[in-house]
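Here's the structure, in structure tokens; my notes come after.
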Amino acid sequence: NIKVFARVEPRHKIRIVSAWQELGEVVAMTGDGINDAPALKKADIGIALGAGTEVAKEASDLVLISDNFGVIVSAVEEGRGIVDNMRKVMTYLLSGSFTETILIGMGVILGLPLPVSAAQILWVNLIEDGLPNTALAFEPKEKDIMCQKSYVRNLPLLNNEMKVLIFIIGVITDLLLLGTFFIFLKLSDYSEAHIRTIIFAGLAIDSVFNIFCCKSLRKNIWEINIFSNRFLTFAWIASIIALISGIYLPPLQYLLRTVPLSAFDWLVVLGLGLAGLVLIEFTKWVFIVKKAT
């Protein structure tokens, strides 16, 4: 509970830093003199003042050129934003990869024809997912990011909430796509190429919709501005154009082995995407309510 230490020696500074670290805290230490160097080195983040000694600067991780302590707050905010965006990209990419793995694996286990071809999977991974996940890295920082609880030491990037979300997204998407594939395969007179095109479009639409679910892992989609990231908006439009091109342009039809879809087919595809979106947002809402209580 001690807030202020006075007349401390260099060895005392090291003991103070060590005491906080033993409590699991991430410790930042500021200093400018030679006697501060050991504690600056011991701290998780040593911060030297620009007007300080060269010894202090060499022992530190950061140097405040302007000697303005407000820069430290800005640095923490920027760091939190970077970690947040890394987690969003990881959730988006891993959930998509998990979905594709289970989709193909379950198709093989159940003795069904392949729901999607290798070329179609590559198209989804490189074209449909490629631009949005890159744009997601430029997502603006959430306004309340500095009001959130501080991270504990050694907190993994892939936390439990992300693992559950990735699993839920994968399972929900797979159940919807496999169910649709099985129903069309058994009850319709569509060719395998036609059914495979529907599943390909459904897989791509899920990726297109899920990108907005991953814009925030702490808020539901109706609580955020989905168009706040102009890079993501352009990437989303490009993904839609790429999907339509892959289904209707003859050269890409030949490459991806797709056939044109009817209005009914597109209603099915959009229904799959909306159903997945609703279930994913419900899962996020459960986590949000749990944290609030």
Requested in this report: Would you tally the residues in segment 113-146 being touching a residue at least 12 places away in the same chain (Cβ under 8 Å), open to solvent by 40 Å² or more (accessible area, probe 1.4 Å) and among the acidic types (D, E)?
Outcome: 0
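Okay, residues lined up against (1) under 24 Å from I280 (Cβ atoms); (2) in contact (Cβ under 8 Å) with a residue 24 or more places away in the chain; (3) acidic (D, E); (4) out of contact with any His (no Cβ under 7 Å at 6 or more places or on another chain):
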position: D174; (1), (2), (3), (4): yes, yes, yes, yes
position: F182; (1), (2), (3), (4): yes, yes, no, yes
position: L185; (1), (2), (3), (4): no, yes, no, yes
position: E192; (1), (2), (3), (4): no, yes, yes, yes
position: L203; (1), (2), (3), (4): yes, yes, no, yes
Requested in this report: Scan segment 1-30 for residues that are closer than 26 Å to K149 by Cα and among the small types (G, A, S) and jot them down.
Outcome: S18, A19, G24, A28
Query - Filter pass, P132 being in contact with a Leu (Cβ under 7 Å, 6 or more places away or on another chain) and part of a helix (DSSP H, G or I) - result: yes
Query raised in the report: Taking the stated definitions as given, is G96 of a type in the set (G, A, S), farther than 30 Å from F227 by Cα and in a helix (DSSP H, G or I)?
Result: no
Report summary line: Matching residues in segment 18-36 (of a type outside the set (G, A, S) and open to solvent by 50 Å² or more (accessible area, probe 1.4 Å)) number 9
Query raised in the report: Quick one: L175 ticks every box in (1) within 20 Å of the chain's Cα centre (by Cα); (2) assigned to a helix (DSSP H, G or I); (3) surrounded by fewer than 21 Cβ atoms within 10 Å (Cβ to Cβ) bar one, so which box is it?
Result: (1)
Query raised in the report: Are any residues in segment 56-68 over 15 Å from V26 (Cβ atoms) and either within 31 Å of the chain's Cα centre (by Cα) or buried (at least 17 other Cβ atoms within 10 Å of the Cβ) (or both), and if so, which ones?
Result: A56, K57, A59, S60, V63, L64
Query raised in the report: Any residue at all in segment 255-278 that is within 20 Å of N125 (Cβ to Cβ), in a helix (DSSP H, G or I), open to solvent by 30 Å² or more (accessible area, probe 1.4 Å) and modelled with pLDDT of 90 or more?
Result: yes
Report task. Filter segment 225-277 for residues that are more than 16 Å from E128 (Cβ to Cβ) and free of Cβ contacts under 8 Å to residues at least 12 places away in the same chain and give the result. Result -> N225, F227, R230, P250, P251, Q253, Y254, S262, A263, F264, L267, G271
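The values are calculated or read from the model by the stated rules, or taken from the named source; none is laboratory data. The structure presented is a predicted model; accordingly, all values stated were derived computationally and were not measured. Cβ coordinates were reconstructed from backbone atoms using ideal geometry, including for glycine residues, and neighbour counts include every protein chain displayed. Keep in mind that these areas ignore ligands, DNA and RNA; they rest on the heavy atoms of the full protein, side chains included. Shrake-Rupley method; radii C 1.70, N 1.55, O 1.52, S 1.80 Å.
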